[in-house]
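Here the structure comes first, spelled out in C-alpha coordinates, and everything after it is commentary.
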Amino acid sequence: MGIFSKEKTAEQVFVKGIKLKCPICKNETFYHREAQLNTKAFSMMNIDWANKSANCYVCTNCSNIQWFLEKV
Ligand SMILES: [Zn+2]
(Lines give C-alpha, C1' and ligand atoms only; values in the text may rest on other atoms or scores of the structure.)
Protein backbone atom coordinates (compact mmCIF):
# COMPACT_ATOMS: atom_id res chain seq x y z
CA MET A 1 0.00 0.00 0.00
CA GLY A 2 2.86 2.37 -0.80
CA ILE A 3 0.66 5.05 -2.36
CA PHE A 4 -1.23 5.59 0.86
CA SER A 5 -0.33 7.57 3.93
CA LYS A 6 0.42 5.90 7.22
CA GLU A 7 -2.54 7.23 9.12
CA LYS A 8 -5.06 4.59 10.15
CA THR A 9 -8.40 5.62 11.58
CA ALA A 10 -11.38 3.32 11.24
CA GLU A 11 -14.51 5.29 10.49
CA GLN A 12 -18.04 4.94 9.23
CA VAL A 13 -18.57 6.56 5.86
CA PHE A 14 -21.70 8.10 4.40
CA VAL A 15 -22.13 8.58 0.66
CA LYS A 16 -25.03 10.83 -0.23
CA GLY A 17 -26.46 10.13 3.19
CA ILE A 18 -26.22 6.37 2.80
CA LYS A 19 -23.92 4.40 5.03
CA LEU A 20 -21.16 2.79 3.03
CA LYS A 21 -21.00 -0.97 3.33
CA CYS A 22 -18.34 -3.27 2.05
CA PRO A 23 -19.86 -5.21 -0.88
CA ILE A 24 -17.73 -8.20 -0.05
CA CYS A 25 -18.04 -8.75 3.69
CA LYS A 26 -20.75 -6.21 4.67
CA ASN A 27 -18.41 -4.47 7.09
CA GLU A 28 -19.22 -0.83 7.89
CA THR A 29 -15.90 0.65 8.97
CA PHE A 30 -13.25 1.87 6.59
CA TYR A 31 -9.86 3.52 6.55
CA HIS A 32 -9.89 6.75 4.57
CA ARG A 33 -7.06 7.35 2.15
CA GLU A 34 -6.31 9.89 -0.50
CA ALA A 35 -4.51 8.60 -3.53
CA GLN A 36 -2.98 10.66 -6.30
CA LEU A 37 -4.11 9.54 -9.72
CA ASN A 38 -1.21 11.00 -11.66
CA THR A 39 0.37 7.66 -12.24
CA LYS A 40 2.09 6.69 -15.44
CA ALA A 41 -0.79 4.44 -16.44
CA PHE A 42 -3.39 7.19 -16.11
CA SER A 43 -1.20 9.68 -17.93
CA MET A 44 -0.72 7.29 -20.80
CA MET A 45 -4.46 6.87 -21.14
CA ASN A 46 -4.73 10.67 -21.33
CA ILE A 47 -7.63 10.86 -18.90
CA ASP A 48 -8.41 14.45 -17.97
CA TRP A 49 -8.97 13.72 -14.30
CA ALA A 50 -5.64 11.94 -14.19
CA ASN A 51 -3.98 14.50 -11.94
CA LYS A 52 -6.71 14.67 -9.35
CA SER A 53 -6.67 12.81 -6.11
CA ALA A 54 -9.22 10.16 -5.28
CA ASN A 55 -10.79 9.31 -1.98
CA CYS A 56 -10.32 5.69 -1.11
CA TYR A 57 -12.11 3.76 1.59
CA VAL A 58 -10.42 0.55 2.59
CA CYS A 59 -12.53 -2.02 4.37
CA THR A 60 -11.06 -2.65 7.81
CA ASN A 61 -12.09 -6.30 7.61
CA CYS A 62 -11.28 -7.60 4.13
CA SER A 63 -9.27 -4.63 2.75
CA ASN A 64 -11.47 -4.20 -0.30
CA ILE A 65 -11.02 -0.66 -1.65
CA GLN A 66 -13.86 1.59 -2.78
CA TRP A 67 -12.86 4.62 -4.81
CA PHE A 68 -14.54 8.01 -5.10
CA LEU A 69 -13.34 10.76 -7.38
CA GLU A 70 -15.17 13.45 -5.49
CA LYS A 71 -15.18 14.21 -1.82
CA VAL A 72 -18.05 12.27 -0.29
ZN1 LIG B 1 -14.91 -5.96 3.53
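The values are calculated or read from the model by the stated rules, or taken from the named source; none is laboratory data. Just so it is clear, the structure is predicted and the values come from calculations on it, not from any experiment. Here the Cβ is made from the backbone with ideal geometry for all residues, glycine too, and neighbour counts use every protein chain on show.
For region 1-16, give me each residue that is modelled with pLDDT under 70 and surrounded by 12 or more Cβ atoms within 10 Å (Cβ to Cβ).
At the first step, the residues of region 1-16 found to be modelled with pLDDT under 70 are 1-7.
Result: Met1, Phe4.
Looking at Trp67, Trp49 in this structure, which one is modelled with pLDDT under 95 and in contact with a helix residue (DSSP H, G or I) (Cβ under 9 Å, 6 or more places away or on another chain)?
On the way: Trp67 fails: in contact with a helix residue (DSSP H, G or I) (Cβ under 9 Å, 6 or more places away or on another chain).
So the residue among Trp67, Trp49 that is modelled with pLDDT under 95 and in contact with a helix residue (DSSP H, G or I) (Cβ under 9 Å, 6 or more places away or on another chain) is Trp49.
So which residues in region 25-40 are outside any loop (DSSP other than H, G, I, E, B) and modelled with pLDDT under 80?
Here is the first cut: in region 25-40, the residues outside any loop (DSSP other than H, G, I, E, B) are 30-36, 40.
Of everything in region 25-40, those that are outside any loop (DSSP other than H, G, I, E, B) and modelled with pLDDT under 80 turn out to be Gln36, Lys40.
Please determine, by comparing only the residues of region 17-27 that are of a type outside the set (Val, Ile, Thr) and more than 9 Å from the ligand (Cβ to nearest atom), which one is surrounded by the fewest Cβ atoms within 10 Å (Cβ to Cβ).
Among those that are of a type outside the set (Val, Ile, Thr) and more than 9 Å from the ligand (Cβ to nearest atom), it is Gly17.
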